[in-house]
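J.: The structure under discussion is supplied below as structure tokens; questions concerning it will follow.
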Amino acid sequence: MTDQELDRRCMDRLRAGDPKALEELYDRHTPLLYGMVLRIVGRAPDAEEVLQDAWIKVWRSAETWDPERGSVVAWLLTLARSRAIDRLRSAASRSRAEGASGGEETMAAAPEPAASAAHRELHERVVSALGELGSKQREVLELAYFAGLSQSEIASRVGAPLGTVKSWTRQGLMRLRALVPREEPA
Amino acid sequence: MTAHREEYLDLCAAVLAGSVDEADRLELERHLAGGCPACERALAEMSHGIESLAAAAPPRMPSPRVRERVLSVVRAEAEAAGGRARPASAAARRVIELPSRPRRAWPEWALAVAAAILAVATFAYWRQASVLDGQLRGARERIAQVARELAEERAWAAVPASPGARVADLAPLPSGVTLPRVRAIYDPGSRRAIIAFDGLVTPPGADFELWAVLPDGPRSLGVVRADPSGHAEVRVPDAGEPALLSAFAVSLEHEGGSTNPRKPGGPVVLAGTLKS
């Protein structure tokens with residue numbers, strides 16, 4: 001059974017009110033979610049609060065997941081990222097966010113040994129794939145996803161025309177998809 | 001639907017990356033409202049890219065306490081709700097066959113009338129079933145909401161009763177204004193804190209603001225306003241790490257509170273260290 005099938009079965013059980021299903025999803029996906037949230041908010045105590053809120057939201061709104069609109073992982077990432085970006089945009093985090101410009105130092109940090117081999121391998125493949133993108137494409141993707149900047153803000157940050165930033169974003173995502181193929185639903 | 005253009009694919013990418021400008025988002029929504037196979041295909045393809053992008057951050061594990069806290073909330077709510085809606089069992093949907101009856105011949109007009117009555121009755125039944133279904137769904141949601149609130153209240157009630165609870169009675173500092181009596185109770189297990197204010201009289205044009213004191217400086221817990229009897233209770237779902245949280249303080253601010261959530265703008269008028 002693929003990871004996606006395992007996830008979908010967990011979501012069925014979650015919708016039926018089975019707490020064990022959340023436990024399984026938590027154990028399988030927390031390294032990815034927490035790594036992403038920590039990269040965005042920058043501080044472990046803030047990241048842990050965001051992660052905790054996100055998982056409780058997953059439990060309380062399992063019925064809003066629509067299998068037609070994307071994978072379980074994509075849904076989990078969306079829930080966690082939106083909370084992380086909200087936290088980043090709060091007044092307390094604003095100054096740090098602008099100074100960090102997407103947190104290059106966190107990007108360079110080594111994966112934690114406690115994360116599974118699969119998560120570490122995926123991270124290494126993605127870092128290697130990002131290395132194959134042009135530096136501007138990479139910067140645009142990171143500013144969008146991890147710093148929560150809008151396309152207009154990114155254009156002014158990197159000093160490029162808005163239209164160019166938009167096409168860099170698309171080209172970057174398409175290239176990432178090609179360089180890091182993911183399992184398809186069975 | 002507006003005709004498809006290459007630029008819409010760029011907007012799809014911006015939406016997925018969470019960076020679309022508002023005007024572009026509205027334009028893309030209008031375009032997608034009638035369906036656009038090219039954009040829908042691009043959204044599906046690029047969503048894989050987004051999942052990969054998230055993995056650019058090194059995978060990390062949070063403190064085991066996060067898992068404990070999440071699962072304790074989830075288990076409490078599941079227990080209180082007694083399980084959410086489940087699919088009907090096969091037994092409940094069993095069909096019982098009725099014995100056949102001898103047929104009578106009916107004139108055509110009678111069959112037409114019967115068909116019309118059946119159609120009206122079916123429609124009425126369908127409408128009634130829809131209304132009942134909506135009411136049932138609403139009732140289930142209300143029950144689940146009440147169960148969540150009950151679990152939440154139980155969790156707060158456990159704070160002062162916790163064996164490891166730490167207490168701080170905030171002592172007044174020279175200020176020249178009438179100060180409230182303030183007691184803070186913090187449960188290191190759940191990291192929840194309850195701060196109770198009595199005799200809280202806010203001077204005109206000012207506000208009292210509550211702060212958690214941490215090694216990297218104070219963190220605002222918000223402006224405190226009393227009910228007509230001068231009582232206020234502040235509940236903080238996560239007041240901070242037990243090893244880091246040392247004290248609570250109250251400052252006197254201009255109305256609306258300090259503009260900096262990490263630094264009081266006015267004088268600190270009450271402070272107290274947490275004691276076991």
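J.: May I ask you to evaluate 6.51 cos²θ - 1.76 cosθ + 1.60, the Karplus curve with θ = phi - 60°, for each residue of the range B:237-248 and list the ³J(HN,Hα) values in order in whole Hz, giving x for glycine and proline?
T.: So the J values, rounded to whole Hz, are x, 9, 7, x, 4, x, 6, 9, 6, 10, 7, 10.
J.: I've got another one for you. Would you please put B:223-235, B:46-58 in order of how densely packed they are, using the mean number of other Cβ atoms within 10 angstrom per residue and starting with the highest?
T.: By packing density, highest mean first, the sequence is B:46-58, B:223-235.
J.: Multiplying the sequence separation of A:E153 and A:K57 by 0.36 nm and subtracting their Cα-Cα distance, what value in nm do you get?
T.: 31.6 nm
J.: Please give the contour-minus-distance gain from A:A117 to A:T164: 0.36 nm per residue of separation, less the Cα-Cα distance, rounded to one decimal in nm.
T.: Going from the current span to full extension adds 13.2 nm.
J.: Lys/Arg Cβ at +1, Asp/Glu Cβ at -1, dipole of the range B:139-251 taken about the Cα centre: which of B:S175, B:L221, B:W156 is farthest positive-ward?
T.: B:W156
J.: Label B:E233 and B:D216 with points 7 Å out from Cα along Cα→Cβ: what is the distance between them in nm?
T.: 3.2
J.: Describe numerically, in nm with one decimal, the distance between label points set 7 Å from Cα along Cα→Cβ at B:S246 and at B:L150.
T.: Here the modelled spin labels are 4.3 nm apart.
J.: Name the long-range amide H neighbours of B:A206: under 5 Å, sequence gap of 5 or more, or other chain; modelled H, no Pro or chain starts.
T.: B:E255
J.: Right, here's the next one. Take the Cα of B:T273, step 7 Å along the line toward its Cβ, and report every residue of the range B:178-195 whose backbone nitrogen sits under 12 Å from that point.
T.: Hits in the range B:178-195 for B:T273 at 12 Å: none.
J.: Averaged across A:143-155, how many Cβ atoms of other chains sit within 10 Å of each residue's Cβ atom?
T.: If you average over the peptide's residues, the count of other-chain Cβ atoms is 5.
J.: I've got another one for you. What is the distance, in nm, between label points placed 7 Å from the Cα along the Cα-to-Cβ direction at B:R142 and at A:D3?
T.: 4.3
J.: Give the calculated FRET efficiency between B:L132 and B:E29 to the nearest 0.05, with a Förster radius of 22 Å applied to their Cβ-Cβ distance.
T.: For R0 = 22 Å, the calculated efficiency reads 0.05.
FYI, it's all coordinate maths here, none of it is from the lab. Bear in mind the structure is a predicted one, so any value in this text is a computation, not a measurement. Cβ atoms come from the backbone with ideal geometry, glycine included; neighbour counts cover every protein chain shown.
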